[in-house]
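The values are calculated or read from the model by the stated rules, or taken from the named source; none is laboratory data. Keep in mind that what you see is a predicted model, and the values were worked out from it rather than measured. Neighbour counts are summed over all protein chains in view; Cβ atoms, including those assigned to glycine, are modelled from backbone coordinates with ideal geometry.
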Amino acid sequence: MKIIRHLDTIPDDVRGSVVVLGNFDGFHKGHQKVIGTAGRIAHEMGTTLSVLSMEPHPRLFFNPTQKEFRLNSFKTKAHLLEEFGVDHFVVLPFDKEFASMSAQDFVMDLLLKKLGVLHIVVGYDYCFGAGRGGGVNVLDWLSKQEQFGLTVVKKVMDQDHTYSSSSIRTIIESGDVRKAAERLGHWWHIEGEVRKGDQRGRTINFPTANIFLDGYIEPKYGVYAVRVIIEDGPHQGTLDAIANVGRRPTFDKEDVLLECHIFNFSHEIYEQSIKVEFVDFIREEKKFDGLEALKIQIEKDCITAKELLSNSENQQSYIPAPKLADHLK
């Protein structure tokens with residue numbers, strides 16, 4: 001998959017593409033339906049499939065001091081899109097100039113003139129342009145005027161809920177990461193570089209690999225059954241682990257940290273990038289009366305985590321998002 005960040009360097013095979021518009025934070029099952037629909041259309045037209053998004057997220061641009069809310073990093077999003085079969089990921093800077101662009105200029109100048117799109121695919125609630133002044137009704141009118149194809153994908157539901165990034169954020173904040181995985185279609189995970197901490201875990205035989213939640217939504221503070229994926233280096237693999245997310249009240253800490261104790265693992269992996277997949281919630285974070293009480297509880301938590309991770313429905317190292325090919329049948 002090609003990642004394109006500048007409109008003055010558009011490859012020839014992007015022009016004439018089927019383009020999907022949206023942010024796709026989390027790449028949940030609703031997003032997969034939208035992009036899968038576009039993939040089917042691109043396949044039928046014999047052309048390429050492109051996704052167009054903005055960075056930073058418009059919410060962060062308009063309110064840069066707000067609490068982080070993203071379900072995944074740019075790296076994770078790009079990886080998921082590539083695995084799904086997207087040919088081009090066009091990422092444009094969301095700045096003051098872009099924020100003031102009218103809906104009509106966005107379509108006429110950017111999509112048609114610069115990208116040369118043949119067909120646009122969006123979700124039913126897609127909005128664009130200055131003040132979010134454009135919606136699917138504007139796109140529909142312009143598609144008839146300018147003779148480009150348009151497909152609006154209806155609301156994607158499962159029983160009583162609609163797949164949405166906002167609802168999945170609420171689920172993660174409640175700690176129900178298993179339900180989040182069911183709605184995402186893949187384990188929710190955090191990627192980051194292992195940082196050296198206070199190393200207190202070593203003193204009670206529970207060393208941890210620590211990463212910060214920079215750029216991610218904060219899940220409910222507490223203990224989770226997780227899997228740690230090391231993709232590079234001599235210790236690469238998918239490893240069962242237990243993790244604590246929070247402020248470590250036993251030690252009166254304030255910064256939020258993700259601490260992972262990997263079972264039967266004694267190697268140093270400082271400064272390596274790891275992926276932590278959240279499989280299930282065990283308990284809320286709490287303050288203990290000293291290291292011995294904490295150690296006893298961690299021993300119990302490890303037993304619980306191992307039981308959860310050995311459960312047949314949790315044994316996959318990854319819940320794979322359906323491939324684009326699934327939507328072409």
>> Take the residues in the range 183-207 that are modelled with pLDDT of 90 or more and assigned to a helix (DSSP H, G or I); name whichever of them is nearest to the chain's Cα centre (by Cα).
In response: LEU184
>> Against the conditions (1) at pLDDT 90 or above; (2) in contact with a helix residue (DSSP H, G or I) (Cβ under 8 Å, 6 or more places away or on another chain), where does ALA42 fall short? Just the number, please.
In response: (2)
>> Could you check the range 271-290 and list, in sequence order, the residues that are loosely packed, with under 15 Cβ neighbours inside 10 Å and within 16 Å of GLU259 (Cβ to Cβ)?
In response: ARG283, GLU284, LYS286, LYS287
> Listed residues VAL152, VAL177; which is closer than 19 Å to PHE27 by Cα and out of contact with any helix residue (DSSP H, G or I) (no Cβ under 7 Å at 6 or more places or on another chain)?
Replying inline: VAL177
> Is it true that GLY16 is small (Gly, Ala, Ser), in a loop (DSSP other than H, G, I, E, B) and over 20 Å from the mean Cα position of the chain (by Cα)?
Replying inline: yes
> In the range 155-165, is there at least one residue being surrounded by fewer than 17 Cβ atoms within 10 Å (Cβ to Cβ), within 15 Å of CYS260 (Cβ to Cβ) and not acidic (Asp, Glu)?
Replying inline: no
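Residue by residue, here is whether (1) assigned by TED's automatic domain parsing to the domain that holds GLY16; (2) in a loop (DSSP other than H, G, I, E, B); (3) touching a residue at least 24 places away in the same chain (Cβ under 8 Å) holds:
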{"position": "GLU82", "(1), (2), (3)": "yes, no, yes"}
{"position": "VAL86", "(1), (2), (3)": "yes, yes, yes"}
{"position": "VAL90", "(1), (2), (3)": "yes, no, yes"}
{"position": "GLU97", "(1), (2), (3)": "yes, no, no"}
{"position": "GLN104", "(1), (2), (3)": "yes, no, yes"}
{"position": "LYS113", "(1), (2), (3)": "yes, no, no"}
{"position": "VAL121", "(1), (2), (3)": "yes, no, yes"}
> Are any of the residues in the range 283-301 in contact with an Asp or Glu (Cβ under 8 Å, 6 or more places away or on another chain) and either assigned by TED's automatic domain parsing to the domain that holds THR208 or in contact (Cβ under 8 Å) with a residue 24 or more places away in the chain (or both)?
Replying inline: yes
> Among the candidates VAL121, VAL136, which residue alone is closer than 25 Å to HIS43 by Cα, modelled with pLDDT of 85 or more, surrounded by 13 or more Cβ atoms within 10 Å (Cβ to Cβ) and in contact with a helix residue (DSSP H, G or I) (Cβ under 9 Å, 6 or more places away or on another chain)?
Replying inline: VAL121
> Are any residues in the range 86-137 under 15 Å from ASN23 (Cβ atoms) and of a type in the set (Lys, Arg), and if so, which ones?
Replying inline: ARG132
> Just checking, which of GLY175, GLY134 is closer than 17 Å to MET108 by Cα, in contact with a strand residue (DSSP E or B) (Cβ under 8 Å, 6 or more places away or on another chain) and not assigned by TED's automatic domain parsing to the domain that holds PHE278?
Replying inline: GLY134
> Considering the range 214-259 alone, what residues qualify as being at pLDDT below 90 and within 20 Å of the chain's Cα centre (by Cα)?
Replying inline: ASP214, GLY215, GLU231, VAL256, LEU257
> For the range 19-57, which residues satisfy the criterion of being assigned to a helix (DSSP H, G or I) and β-branched (Val, Ile, Thr)?
Replying inline: VAL34, ILE35, THR37, ILE41
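Residues are listed down the side, and each one gets a yes or a no for (1) touching a residue at least 60 places away in the same chain (Cβ under 8 Å); (2) on the phi > 0 side of the Ramachandran plot; (3) not assigned by TED's automatic domain parsing to the domain that holds LYS113:
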site	(1), (2), (3)
LEU7	yes, no, no
PHE27	yes, yes, no
GLN32	yes, no, no
ARG40	yes, no, no
SER53	no, no, no
PRO64	no, no, no
ARG70	yes, no, no
>> Just to check your reading of the model, which residue among GLY129, GLY116 is touching an Asp or Glu at 6+ places or on another chain (Cβ under 9 Å) and either of a type in the set (Lys, Arg) or modelled with pLDDT under 95 (or both)?
In response: GLY129
